[in-house]
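Undergrad: Following this message is one structure expressed as structure tokens.
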Number of protein chains: 2
Amino acid sequence: MAKGKGLTPRAVDFSAWYNEAVQRAELADHAPVRGTMVIRPWGYGIWERMQGALDRMFKDTGHENAYFPLLIPMNFIEREKEHVEGFKPELAVVTHAGGKELEEPLVVRPTSETIIYAMYAKWVQSYRDLPLLINQWANVMRWELRTRPFLRTTEFLWQEGHTAHATREEAVEETLGILALYRRFMEEWVALPVVTGRKSESEKFAGAQETYTCEAMMQDRRALQAGTSHHLGQSFARQFGLTFQNEEGTESYAWNTSWGVTTRLIGAMVMTHGDDRGIVVPPKLAPAQVVIVPISPTDADCSVVVPKAHEVRERLATAGLRARVDDRDHLSPGAKFYEWERKGVPYRIEIGPRDLARGEVVLVPRVREEGGKRKEFLPEKEAVAGLPDRLGALQAALLERAQARRERHTYRGVERWEELVEILNGPGGFVHTGWSGDPAVEARVKEATGGTLRCMPGPDFGSESVPKRCIGGSEPAEVEVLWAKAY
Amino acid sequence: MAKGKGLTPRAVDFSAWYNEAVQRAELADHAPVRGTMVIRPWGYGIWERMQGALDRMFKDTGHENAYFPLLIPMNFIEREKEHVEGFKPELAVVTHAGGKELEEPLVVRPTSETIIYAMYAKWVQSYRDLPLLINQWANVMRWELRTRPFLRTTEFLWQEGHTAHATREEAVEETLGILALYRRFMEEWVALPVVTGRKSESEKFAGAQETYTCEAMMQDRRALQAGTSHHLGQSFARQFGLTFQNEEGTESYAWNTSWGVTTRLIGAMVMTHGDDRGIVVPPKLAPAQVVIVPISPTDADCSVVVPKAHEVRERLATAGLRARVDDRDHLSPGAKFYEWERKGVPYRIEIGPRDLARGEVVLVPRVREEGGKRKEFLPEKEAVAGLPDRLGALQAALLERAQARRERHTYRGVERWEELVEILNGPGGFVHTGWSGDPAVEARVKEATGGTLRCMPGPDFGSESVPKRCIGGSEPAEVEVLWAKAY
């Protein structure tokens, strides 16, 4: 990929397009250690807005932030049997510190259940100390073999919520409440429609009783797991002695939940909204929602046009918008247009001397709506006054477009094995079928197509009808499930 | 320390008082790995407000946030000679990952100069790419032998700014600009007066050309280094090939700065403002600025008083204040008063049935001003309307009190060696003397008193007069310096 050239088109090689789009938008860059990346300011600015929105939603629902240590004693990780089986192959281990070999190796957290519930055990005595609703923003490390920026990196940033409750019911309510919160966040902020549902035994979090997930469809029709919420039951509480005295004075184990979303959401945003010109950032997440490019062929123009650009920026800021002026003098207007398009800025305003003489500016949307204009000449005041609505409309349009695309590639009530295989091996998409609950069927689907059981949308999750038969044969279906190839 | 008891008085054992105050305020707790801690929600809430304020100040001065990897190849750390000498003894090292021994050990970042300047070398080509002004919020690890919550822990949270400039002058300007920003932040938000100045050769950051520092005086008259800003010269640029083409087309090395403040500031806050009843949180940093305690001897009172408390909370929220109602029904009002005092909440409002009948509430400040009242009975509206001003006055009073305390224990123009030794070994404090620049004098002071050269306030940093002679003997003084025992 040469610097000045366009991206590989999505239709030619979606994976190459993704890597180029991320690099060229300056979202991230490869770092020296295999599988790690640097999140550059433009990417981090998007993450800051995701963080801000989620953080407010967590706090509005009674959660508080805290910070737990990066390093976890190896024996902590090993206590919960399923947990260690799931995570041990991916651990990064500190064996030496302060110039000496450590007596016990320390694990760089892949997730923090063990250390957090060990601390909760110190803090919780009575039912009055419950529920305990804590979230942490942190870095975690999982030594993955195949990595891609944002989608799978050895280190990533995330939030992990960890709660303790007096009853099973409360824990289930929290698990599902957070799932709904994630869904709302993904739709309203990332313009990312998701199917929510429960994971099968083979796909659930290592150590969880039940895992619920948000599954989104990317433009290549693969599924991306965008966030998960786990009901952990009492297994961690048992291993770490997290007990409380209930109202009757009896000692009981607490019920736990944990849930997280990661910087992977930036990858989901790229693969959902991007086009062959680069990424598209939903207005609510954009570090700059409007870029203003002054066009000044002569120095005399420059002295009029540039101050005007800053004036318009101030007006937009007053209207609550994030706007930037690109007044770099060594780049042509075309080069600037190209750069901000690649970075996915929702709107561009061009101000040239002739427009100015007419009291007009040129407004150019990053994404042209069905039948919309490529550029509009508008009186300056009208352009400024109209931008908040235009940005709101774009935010909504991005969600609708993604929803429509998902619907076009969703197959419901599929009953024949061959049809499932043909879809997953052919055009790809989300396929809803019946399932008996037999893990052997999951294994067969994986072998035949590489696809996996993404989730059981179930009656509580908007699923319309449970098919009669399992897709794997003649057994009756227990539940409806969603199959797809996945990231 | 029994749970129900008061704290060890500061005058009896300041160090025991500190540890108890931190624990009892639920700022932090010891974690299982030696030298690590958990920052609990009350402590983290204070850190969030520090972060918010600093982050706005950084952005207002043109800096952007990014995120660089946790793990750094050992050979990166080793490239800058002074840097590796300073940090090698404290490194935590990942030797195994993904079930295998790594070919090259990876260091858990103790600071990120090396990896960041390696990335800048990829991004910077021309003078037009400069200055590059990036900050990161991150965790870092330094394997310290003697640790104390917030003051010195093996892992801590901080921000680290890293900038690259085309000229030495710009880099120096950035270094000093950030030093001034830190000073403003510490005074305005933490109510922490600081002496700013340059570090001597023996105390500067490993790899820096010059280190500037903010030194605060704690209540035990020891100094605490509260933040540092480094001019790195071109040494990292040389090691990592961070070059740019200047306006004349010649290839030059960039000039770098780095600067950071950490969660240590929470320790500074505790040791500056706390009293024998616990910590005191400056209003601008307090997660709750006002706690409202409904007092309801009977159930009938409860049904009137509790809704009233929530009504007052709403009014305070409307006025822009952070207020909480403590309506837990298993604790006596006295137990609640005690708990919120320990946590340092600036104001308490008590609402009882008799007060309510008179249309009054009781207002109790956490810190009583000279001649101020212990509690005031005020009409509800007056109490609510007056609180923003009271909180502003308290914020200012905390800074003034700390400044006055520092002045009482500051000795200027000290010329006799014996006097310096007597002060540092006796009452303690900040001692200003002349210094020839000879490191042997620093060594002698350290041997005789345990004190160190905290900084050279110098003419640019508000110092009034340079003494004539060096405190170490008869040589002429080159500069004025500040000596103190330090954390």
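Undergrad: Go through (1) modelled with pLDDT under 95; (2) in a helix (DSSP H, G or I); (3) surrounded by fewer than 19 Cβ atoms within 10 Å (Cβ to Cβ) one by one and return the number of the condition B:Ala317 breaks.
TA: Only one criterion in (1) modelled with pLDDT under 95; (2) in a helix (DSSP H, G or I); (3) surrounded by fewer than 19 Cβ atoms within 10 Å (Cβ to Cβ) is unmet by B:Ala317, namely (1).
Undergrad: Suppose we filter region B:22-45 for residues that are at the interface with chain A (Cβ under 9 Å from one of its Cβ atoms) and either acidic (Asp, Glu) or in a helix (DSSP H, G or I) (or both); how many remain?
TA: Of the residues in region B:22-45, 7 are at the interface with chain A (Cβ under 9 Å from one of its Cβ atoms) and either acidic (Asp, Glu) or in a helix (DSSP H, G or I) (or both).
Undergrad: Looking at B:Glu48, is it part of a loop (DSSP other than H, G, I, E, B), within 10 Å of another protein chain (Cβ to nearest Cβ) and not hydrophobic (A, V, I, L, M, F, W, C)? Spell out how you get there, then give the answer.
TA: Working: part of a loop (DSSP other than H, G, I, E, B): no; within 10 Å of another protein chain (Cβ to nearest Cβ): yes; not hydrophobic (A, V, I, L, M, F, W, C): yes.
Spelling it out, it is not the case that B:Glu48 is part of a loop (DSSP other than H, G, I, E, B), within 10 Å of another protein chain (Cβ to nearest Cβ) and not hydrophobic (A, V, I, L, M, F, W, C).
Undergrad: Something else now. Kindly establish whether B:Tyr18 is closer than 20 Å to B:Ala138 by Cα and in the same structural domain as B:Asn135 (by TED's automatic domain parsing). Outline the logic, then answer.
TA: On the way: closer than 20 Å to B:Ala138 by Cα: no; in the same structural domain as B:Asn135 (by TED's automatic domain parsing): yes.
Against the criterion (closer than 20 Å to B:Ala138 by Cα and in the same structural domain as B:Asn135 (by TED's automatic domain parsing)), B:Tyr18 does not qualify.
Undergrad: Select from region A:121-130 the residues that are open to solvent by 10 Å² or more (accessible area, probe 1.4 Å) and not in a strand (DSSP E or B) and write down the one among them that is farthest from the other protein chains (Cβ to nearest Cβ).
TA: So in region A:121-130, the residues open to solvent by 10 Å² or more (accessible area, probe 1.4 Å) come out as A:121-123, A:125-130.
From what's left, not in a strand (DSSP E or B): A:121-123, A:125, A:127-130.
Working: A:Ala121: 11, A:Lys122: 7, A:Trp123: 8, A:Gln125: 10, A:Tyr127: 10, A:Arg128: 6, A:Asp129: 11, A:Leu130: 13 Å.
The extreme case among them is A:Leu130.
Undergrad: Within region B:56-73, which residues are more than 9 Å from every other protein chain (Cβ to nearest Cβ) and either among the basic types (Lys, Arg) or open to solvent by 30 Å² or more (accessible area, probe 1.4 Å) (or both)?
TA: Within region B:56-73, B:Arg56, B:Lys59, B:Asp60, B:Thr61, B:Gly62 qualify.
Undergrad: Among the residues of region A:11-23, is there at least one that is within 16 Å of A:His273 (Cβ to Cβ), among the hydroxyl-bearing types (Ser, Thr, Tyr) and surrounded by 22 or more Cβ atoms within 10 Å (Cβ to Cβ)?
TA: Narrowing region A:11-23 to residues within 16 Å of A:His273 (Cβ to Cβ): A:14, A:17-18, A:20-22.
Now narrow it down to the ones that are among the hydroxyl-bearing types (Ser, Thr, Tyr): A:18.
Next, from what is left, pick out any that are surrounded by 22 or more Cβ atoms within 10 Å (Cβ to Cβ): A:18.
Yes, there is a match, as at least one residue in region A:11-23 is within 16 Å of A:His273 (Cβ to Cβ), among the hydroxyl-bearing types (Ser, Thr, Tyr) and surrounded by 22 or more Cβ atoms within 10 Å (Cβ to Cβ).
For every residue, the table says whether it meets (1) loosely packed, with under 15 Cβ neighbours inside 10 Å; (2) under 25 Å from the mean Cα position of the chain (by Cα).
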residue: A:Glu419; (1), (2): yes, no
residue: A:Thr433; (1), (2): no, no
residue: A:Ala443; (1), (2): yes, no
residue: A:Leu453; (1), (2): no, yes
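Undergrad: When you scan region A:296-304, do you find a residue that is more than 26 Å from the chain's Cα centre (by Cα) and open to solvent by less than 50 Å² (accessible area, probe 1.4 Å), even just one? Spell out the reasoning first.
TA: Filtering region A:296-304 down to residues more than 26 Å from the chain's Cα centre (by Cα) leaves A:296-304.
Going one step further and asking which of them are open to solvent by less than 50 Å² (accessible area, probe 1.4 Å), we end up with A:296, A:301.
Yes, that holds for at least one residue.
Undergrad: Can you find even one residue in region B:147-156 that is aliphatic (A, V, I, L, M) and under 30 Å from A:His30 (Cβ atoms)?
TA: Going residue by residue through region B:147-156, those that are aliphatic (A, V, I, L, M) are B:151.
Now restrict to residues that are under 30 Å from A:His30 (Cβ atoms): none.
Scanning region B:147-156 turns up no residue that is aliphatic (A, V, I, L, M) and under 30 Å from A:His30 (Cβ atoms).
Undergrad: On to the next question. Give me a count of the residues in region B:77-102 that are open to solvent by less than 30 Å² (accessible area, probe 1.4 Å) and either in a strand (DSSP E or B) or over 20 Å from A:Arg109 (Cα atoms) (or both).
TA: Counting residues in region B:77-102 that are open to solvent by less than 30 Å² (accessible area, probe 1.4 Å) and either in a strand (DSSP E or B) or over 20 Å from A:Arg109 (Cα atoms) (or both) gives 10.
To keep it simple, each residue is scored yes or no on (1) touching a Phe, Trp or Tyr at 6+ places or on another chain (Cβ under 8 Å); (2) farther than 30 Å from B:Ala16 by Cβ; (3) without any contact (Cβ under 8 Å) to a residue 40 or more places away in the chain.
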site	(1), (2), (3)
B:Thr154	yes, no, no
B:Leu157	yes, no, no
B:Gly161	yes, yes, no
B:His165	yes, yes, no
B:Ala171	yes, yes, no
B:Leu179	yes, yes, no
B:Arg184	no, yes, no
B:Ala191	no, no, no
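Undergrad: Hey, which of the strands (runs of 3 or more DSSP E) in region B:131-232, taking only ones fully inside, have at least 2 residues that are polar (S, T, N, Q), touching an Asp or Glu at 6+ places or on another chain (Cβ under 6 Å) and within 14 Å of chain A (Cβ to nearest Cβ)?
TA: Numbers: elements: B:132-141, B:155-165, B:195-198, B:210-217.
Where strands (runs of 3 or more DSSP E) fall fully within region B:131-232 and carry at least 2 residues being polar (S, T, N, Q), touching an Asp or Glu at 6+ places or on another chain (Cβ under 6 Å) and within 14 Å of chain A (Cβ to nearest Cβ), they are B:132-141.
Undergrad: Taking the options B:Ala97, B:Ala118, B:Ala53, name whichever one is within 10 Å of chain A (Cβ to nearest Cβ), in contact (Cβ under 8 Å) with a residue 24 or more places away in the chain and of a type in the set (Gly, Ala, Ser).
TA: Values: B:Ala97 fails: in contact (Cβ under 8 Å) with a residue 24 or more places away in the chain; B:Ala53 fails: within 10 Å of chain A (Cβ to nearest Cβ).
After applying the criteria, what remains is B:Ala118.
Undergrad: Which one is surrounded by the fewest Cβ atoms within 10 Å (Cβ to Cβ) among residues in region B:131-176 that are among the small types (Gly, Ala, Ser) and within 23 Å of the chain's Cα centre (by Cα)? Break it down into steps so the answer makes sense when it comes.
TA: Here is the first cut: in region B:131-176, the residues among the small types (Gly, Ala, Ser) are B:138, B:161, B:164, B:166, B:171.
Filter once more, keeping what is within 23 Å of the chain's Cα centre (by Cα): B:138, B:161.
Working: B:Ala138: 20, B:Gly161: 24.
For region B:131-176, the residue satisfying everything is B:Ala138.
Undergrad: Now a separate question. Does region B:183-191 contain any residue that is surrounded by fewer than 20 Cβ atoms within 10 Å (Cβ to Cβ) and over 12 Å from the mean Cα position of the chain (by Cα)?
TA: Scanning region B:183-191, I find at least one residue that is surrounded by fewer than 20 Cβ atoms within 10 Å (Cβ to Cβ) and over 12 Å from the mean Cα position of the chain (by Cα), so the answer is yes.
Undergrad: Continuing with the same structure: Taking A:Arg406 as the residue in question, decide whether it is open to solvent by 40 Å² or more (accessible area, probe 1.4 Å) and of a type outside the set (A, V, I, L, M). Reasoning before the result, please.
TA: Values: open to solvent by 40 Å² or more (accessible area, probe 1.4 Å): no; of a type outside the set (A, V, I, L, M): yes.
Criteria not met by A:Arg406.
Undergrad: Out of all the residues in region A:421-431, which are in contact (Cβ under 8 Å) with a residue 40 or more places away in the chain, surrounded by 19 or more Cβ atoms within 10 Å (Cβ to Cβ) and outside any strand (DSSP E or B)?
TA: Kept after step one, since they are in contact (Cβ under 8 Å) with a residue 40 or more places away in the chain, are these residues of region A:421-431: A:424, A:427-431.
Those still in the list that are surrounded by 19 or more Cβ atoms within 10 Å (Cβ to Cβ) too: A:424, A:428-431.
Scanning region A:421-431 gives A:Leu424, A:Gly428, A:Gly429.
Undergrad: May I ask you to say which residue of B:Val384, B:Val362, B:Val367, B:Val345 is assigned to a loop (DSSP other than H, G, I, E, B), in contact with a helix residue (DSSP H, G or I) (Cβ under 8 Å, 6 or more places away or on another chain) and in contact (Cβ under 8 Å) with a residue 12 or more places away in the chain?
TA: Sole residue among the options that is assigned to a loop (DSSP other than H, G, I, E, B), in contact with a helix residue (DSSP H, G or I) (Cβ under 8 Å, 6 or more places away or on another chain) and in contact (Cβ under 8 Å) with a residue 12 or more places away in the chain: B:Val367.
Undergrad: Also, quick follow-up: For the structure I just gave you, tell me whether A:Thr8 is among the polar types (S, T, N, Q) and open to solvent by less than 50 Å² (accessible area, probe 1.4 Å).
TA: Spelling it out, A:Thr8 is indeed among the polar types (S, T, N, Q) and open to solvent by less than 50 Å² (accessible area, probe 1.4 Å).
Undergrad: Follow-up. For region A:149-170, name all the residues that are more than 16 Å from A:Leu70 (Cα to Cα) and of a type outside the set (Phe, Trp, Tyr). Talk me through it step by step, then tell me what you get.
TA: Taking region A:149-170 and keeping what is more than 16 Å from A:Leu70 (Cα to Cα), we get A:149-153, A:163-170.
Passing the criteria: A:Pro149, A:Leu151, A:Arg152, A:Thr153, A:Thr163, A:Ala164, A:His165, A:Ala166, A:Thr167, A:Arg168, A:Glu169, A:Glu170.
A quick yes/no check of all residues on (1) open to solvent by 60 Å² or more (accessible area, probe 1.4 Å); (2) under 21 Å from B:Thr298 (Cβ atoms):
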| position | (1), (2) |
| --- | --- |
| B:Asp327 | yes, yes |
| B:His330 | yes, yes |
| B:Pro333 | no, yes |
| B:Phe337 | no, yes |
| B:Trp340 | no, no |
| B:Ile349 | no, yes |
| B:Leu356 | no, yes |
| B:Lys375 | yes, no |
| B:Lys381 | yes, no |
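The values are calculated or read from the model by the stated rules, or taken from the named source; none is laboratory data. In this text the structure is predicted, and so the values were computed from the model without any measurement. Don't worry about glycine lacking a Cβ; one is built from the backbone with ideal geometry, like all the others, and counts go over all protein chains shown. When the accessible area is computed, the model is the full protein with side chains, heavy atoms only, and any ligands, DNA or RNA have been set aside. Shrake-Rupley method; radii C 1.70, N 1.55, O 1.52, S 1.80 Å.
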